[in-house]
Amino acid sequence: MLETGAIWGLTGTTVTSFMFFWAMYKQYVPQHFRVYVEKYFHKMIGWISYYVDIKFTEYTEEGLKRSQAYDSIRNYLASKSTALARKLKANETKNSKSLVFSMDDHEEIEDEFEGVKVKWYSNVKVSQPQHSYGRSISDERRYFTLTFHRRHRGMIIETYLDHVLREGKDIGLKKRERKLYTNNSSREWYPWSAGKWSNVPFHHPATFETLAMDPVKKEGIKKDLIKFSKGKDYYNKVGKPWKRGYLLFGPPGTGKSTMIAAIANFLDYDVYDLELTTVKDNSELKKLLLDTTGKSIIVIEDIDCSLELTGQRKKKKDDDEEDDEEKKKKKEEEKKPNVEEKQSKVTLSGLLNSIDGLWSACSGEKIIVFTTNFVDKLDPALIRRGRMDNHIEMSYCKFEAFKVLAKNYLEIETHDLYEEIERKLEETDMSPADVAETLMPKSDEEDADICIKRLVKTLEEEKDKAKKLAEEEEKEKAEKEVKKKKKAEEAEKKKKEEEEEKEKKAEKEAEEKKKTEEEEKNEKVKGKEQNGDVSKTNGCNCLK
C-alpha cells in the first residue's frame, strides 16, 4: 500500500514538473527556435517508430479551396464511425439531403482492409485569435491522420487509399442533394460570388412510370441509360469519352422537358441548363462545360432557336417559297444588326468541339441533351450519330400514352369509352400536355367518368378544328396560287407593255433622228445655194 502511494506520488510530481517545464518552454523559448526543436524531435521519433502517419488537411492552396480527398475520407469514415466511434458530430450541409455524421474532433476509429489494421484520427488545430472590428476570431483547421505499420506502406498507398477515396466519393454522390444549375454571365465569375453556375435544389417529381409514352419505347430508353451508367470500362476499351447524347424532338407539349427530369431522377444525376445566348464566345463555353461535375446532364433546350446556329451554313433557297414583297422585307431584316449575335459569338464549330471534341473527355461521365420542335432545321453535323447517339421522337399522344395519363390522373385502367378514345386519338393530333389538362379534375365533384367524357368531347372538337384548319389552309393555298398566277400574268402584261413602250420609243427616236438628218441636209443645201448667189453677185461687181 505504501509502495503504491509512493508510485502515485512520484507520478504526480513527474507530471507536475513536466507541465511546469512545458509552460516555461512555451512562454520563454522563441518561436523560431521551437520550430527547430520540434522538427528534430519528430525526426528522432520517426527513427525509433515502426508506424507511418499520413495527414489529410481540410483545405488546400492556402485555405482557399476545400480538399476533395478530405471530403471523400470523411464520407468513408462516416459509415464506419456511426458504429465504432464513441463521439459523433452531426451536420446539416447544403449539399446533402440528410444529416451527415462524422467523427468528432480528437476521436479515433480502427479500420481493416485485406487483413491489415489501420487507425484514423480526427484532429483540429486552432490558430492564435485575431482581432477584427472588436471581435476575436480564431481559425480552425481540421485534418485526418492515417496511421499504419510501415511494412504495409506499399499496399496502403497503392491500394487502400484508392479504395477509401473511391468509396467515399460514391457515398457522397448517393447522399448529396441533387441540383439544377443555370449558367451565369461571365461578369459574375468571381470566387466569392456564385461563380460560373447558380443552382437550386432539384425536386422535379417526374419519373418514367408517370411519363406519357409507349411502354416499349420507355423500356428501351431505360435499358440504354443503365448500359451507359455502367459502361466506364467499356467506353475506355473502345476509346470514347464516357458521354452520351440524346436528341429529343417533337411538337410543343409532348413531354421533352419531362423526359429530361425523368432521366435525371432515374440516374440520380444533376442537371445543367445551358443558356447559349448568355455565353460570350467559344472559349467561355469550354470553361463552363469544364466547370460541370460528373454524373450530370447538360441540357440545351430549343437548340434550333439558339444563336441561329442552324443558319451558319449555306442552304439552297426556294424562289417560289415567298413572293417579292416578303423577299424584299427579308433582305431588309438581314441588313439590320442582330443583337444576340453581338452579345454572343458562339459558333456552330465551337459548340461541336465543346460537346464532342477533345474537351468533351475532360470532366467525367455526362449525358448531353438537345431539344427541338423542328428537327429539320438543325444542321446535320450537330445531330449526327456519335454526337446525338439516341434520337427520341416525342410524338402526339397515342392510346398507350393516354392509358398512363388516365392511371396517373384518374387512377383507372379501363373504361367503356376507351375504344372510342383509341380511335379518335389515331385520327387527331393532340399533345400529352393537352390530354393531361383535359383529364385533370377541375373540382371535387368531378369523377373519372366526367373527365373521360370531357376528353371525348375535346377530341371531337379538335378533330373538327383540324378539319376546318385544313380546309382553310387549302383555301389559302388555292388563293395564294390564284394570286401568284394573277401576279405572274400582271408581270407578263407589264413586261409586254414595257416592251411595246420600248418599241414605240425606239420608233419615235428613229423618226426624230431621220427628221433631224433631213433638216441638217436641207440646211446644207440651202447654205450652198446662198454661197452660189454671193459668188455671182461678186462677179457682177467686178465687171462693173
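The values are calculated or read from the model by the stated rules, or taken from the named source; none is laboratory data. Please read these numbers as outputs of a predicted model, since none were measured by experiment. Cβ coordinates were reconstructed from backbone atoms using ideal geometry, including for glycine residues, and neighbour counts include every protein chain displayed. Accessible surface areas use protein heavy atoms only, side chains included; no ligands, DNA or RNA. Shrake-Rupley method; radii C 1.70, N 1.55, O 1.52, S 1.80 Å.
Nonpolar atom fraction for segment 138-183, defined as the carbon and sulfur part of the 1.4 Å probe accessible area, stands at 47 percent. Accessible surface computed residue by residue for segment 210-277, with neighbouring protein chains in place and a 1.4 Å probe, gives 45 Å² per residue.
Checking the table Lys493/Lys515; Lys222/Lys366; Lys483/Lys508 against a 25 Å threshold on Cα-Cα, which pairs fail? Write down the numbers at each step before the final one.
Values: Lys493/Lys515 32 Å; Lys222/Lys366 16 Å; Lys483/Lys508 36 Å.
Where the Cα-Cα span goes over 25 Å, the pairs concerned are Lys493/Lys515; Lys483/Lys508.
Pairs of lysine residues in segment 412-482 that meet both criteria, 8 or more places apart or on different chains and Cα atoms under 20 Å apart, total 21.
In the neighborhood of Lys485, defined by Cβ-to-Cβ distances under 11 Å, what is the net charge if each Lys or Arg adds +1 and each Asp or Glu adds -1? Result for the neighbourhood of Lys485: 0.
Could you give the semi-axes, largest first, of the ellipsoid that matches segment 412-482, computed as the square roots of 5 times the alpha carbon gyration tensor eigenvalues and rounded to whole Å? Kindly include the intermediate steps, with their values, before the conclusion.
Values: eigenvalues 202, 32, 15 Å².
Value: 32, 13, 9 Å, ordered largest first.
With all protein chains in place and ligands, DNA and RNA left out, the 1.4 Å accessible area ranks Asp302, Asp53 as Asp53, Asp302, largest first.
Only protein heavy atoms count here; on that basis, with a 1.4 Å probe, His163 has an accessible area of about 40 Å². Cross-link list Lys55/Lys119; Lys223/Lys403; Lys80/Lys117: which exceed 20 angstrom alpha carbon to alpha carbon? Check vs 20 Å cut-off fails for Lys223/Lys403.
Pairs with C-alpha atoms separated by more than 28 Å, drawn from the list Lys494/Lys521; Lys218/Lys407; Lys227/Lys280, are Lys494/Lys521; Lys227/Lys280.
Just how large is the dipole of segment 412-482 about the Cα centre, in debye to the nearest 20, putting +1 at every Lys and Arg Cβ and -1 at every Asp and Glu Cβ?
Details: 13 positive and 26 negative charges, 48 e Å.
Dipole of segment 412-482, to the nearest 20 debye: 240 debye.
The C-alpha radius of gyration of segment 215-271, expressed as a fraction of 2.2 N^0.38 Å, stands at 1.27. Extending 7 Å from Cα along the Cβ direction at Lys485 and again at Lys80 yields two label points whose distance is 8.8 nm. Farthest toward the positive end of the dipole of segment 412-482, out of Ser443, Thr428, Leu455, is the Cα of Thr428, where the dipole comes from beta carbon charges about the Cα centre.
Probe radius 1.4 Å, ligands and nucleic acids left out: which of Tyr269, Tyr396, Tyr143 has the largest accessible area, and how do the rest follow?
Values: Tyr269 5, Tyr396 75, Tyr143 55 Å².
Per-residue accessible area, sorted high to low, gives Tyr396, Tyr143, Tyr269.
Give the carbon-plus-sulfur fraction of the accessible surface of segment 412-482 in %, rounded to a whole number; probe 1.4 Å, heavy atoms of protein chains only. Summing carbon and sulfur atoms, their accessible area is 47 percent of the total for segment 412-482.
What do you get for trypsin sites (Lys or Arg not before Pro) in segment 394-483 restricted to DSSP loop and a cutoff of at most 15 other Cβ within 10 Å of the site's Cβ? Write out the running numbers ahead of the final one.
Details: sites: Lys398, Lys403, Lys407, Arg423, Lys424, Lys442, Lys453, Arg454, Lys457, Lys463, Lys465, Lys467, Lys468, Lys475, Lys477, Lys480, Lys483; in loops: Lys398, Lys442.
Sites meeting the loop and neighbour criteria: Lys442.
Averaged over its residues, segment 412-482 has an accessible area of 71 Å² per residue, based on protein heavy atoms and a 1.4 Å probe.
Of the peptides 175-184, 486-495, the ranking by mean beta-carbon count within 10 Å, highest at the top, reads 175-184, 486-495. Applying the Karplus relation 6.51 cos²θ - 1.76 cosθ + 1.60 with θ = phi - 60° to segment 402-414 yields 3J(HN,Hα) values of 4, 4, 5, 5, 5, 5, 5, 8, 10, 6, 10, 10, 7 Hz, where x marks Gly and Pro.
Average projected area of the Cα convex hull of segment 373-463, in nm²?
Values: hull surface 29.8 nm².
Across all orientations, segment 373-463 yields a mean hull projection of 7.4 nm².
Spin-label model, Lys505/Glu275: points 7 Å from Cα along the beta carbon direction are separated by 5.7 nm.
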